[in-house]
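Asker: Could you have a look at this structure, given as structure tokens, before my questions?
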Amino acid sequence: MNKLLETIEVNSVNGLYRIYLFNDGNALPKLVMYQVTDGHEAPIKNMYRELKKLNKEFSFKIDFEPTDRIKLNTREFGKESIKHYQSF
């Protein structure tokens, strides 16, 4: 069973995004991302691509493809992004 940990809203030039963080037993929280239009949530099909767009838009400069290891997975990339959104 997934337990909701937190909900984060991000206002972007592309609209409002809502990110839900769930505890599903993994060390890093599970992320579920929606784009909100007129109060309706539409699921994001490629969350990694959307996080890359937001990273570029907000100039967070998160290195999601480090040279010393494989690229960050979605949970790692999401964790780094969430830190920046919360301090925004």
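The values are calculated or read from the model by the stated rules, or taken from the named source; none is laboratory data. A quick note: this is a predicted structure, and the numbers were derived from the prediction, not measured. Glycine gets a Cβ as well: all are built from the backbone with ideal geometry, and neighbour counts include every protein chain shown. Only protein heavy atoms, including side chains, enter the accessible area calculation; ligands, DNA and RNA are left aside. Shrake-Rupley method; radii C 1.70, N 1.55, O 1.52, S 1.80 Å.
Asker: Which of (1) of a type outside the set (Gly, Ala, Ser); (2) open to solvent by less than 80 Å² (accessible area, probe 1.4 Å); (3) over 14 Å from the mean Cα position of the chain (by Cα) does LYS71 not meet, given it meets every other one?
Answerer: (2)
Asker: Right, here's the next one. Under 9 Å by Cβ, and 6 or more places apart or on different chains, what pairs join a residue from the stretch 71-88 that is within 13 Å of ARG49 (Cβ to Cβ) and among the β-branched types (Val, Ile, Thr) with one that is open to solvent by less than 90 Å² (accessible area, probe 1.4 Å) and in a helix (DSSP H, G or I)?
Answerer: Between residues of the stretch 71-88 that are within 13 Å of ARG49 (Cβ to Cβ) and among the β-branched types (Val, Ile, Thr) and residues that are open to solvent by less than 90 Å² (accessible area, probe 1.4 Å) and in a helix (DSSP H, G or I), the close pairs are THR74/MET47; THR74/TYR48; THR74/LEU51.
Asker: Just one of LEU4, LEU28, LEU51 is part of a loop (DSSP other than H, G, I, E, B), modelled with pLDDT of 85 or more and either touching a strand residue (DSSP E or B) at 6+ places or on another chain (Cβ under 9 Å) or open to solvent by less than 70 Å² (accessible area, probe 1.4 Å) (or both); which is it?
Answerer: Values: LEU4 fails: part of a loop (DSSP other than H, G, I, E, B); LEU51 fails: part of a loop (DSSP other than H, G, I, E, B).
None of the others qualify; the one that does is LEU28.
Asker: Pairs needed: first member in the stretch 30-43, at positive phi; second member anywhere, part of a strand (DSSP E or B) and open to solvent by 70 Å² or more (accessible area, probe 1.4 Å); C-beta distance under 6 Å; at least 6 residues apart or different chains.
Answerer: That search, which allows pairs on different chains as well, returns nothing.
Asker: A further question follows. Could you grab me the full set of residues in the stretch 10-25 that are without any contact (Cβ under 8 Å) to a residue 24 or more places away in the chain and either out of contact with any strand residue (DSSP E or B) (no Cβ under 9 Å at 6 or more places or on another chain) or not aliphatic (A, V, I, L, M) (or both)?
Answerer: Answer for the stretch 10-25, where residues must be without any contact (Cβ under 8 Å) to a residue 24 or more places away in the chain and either out of contact with any strand residue (DSSP E or B) (no Cβ under 9 Å at 6 or more places or on another chain) or not aliphatic (A, V, I, L, M) (or both): ASN11, GLY15, ARG18, TYR20, PHE22, ASN23, ASP24, GLY25.
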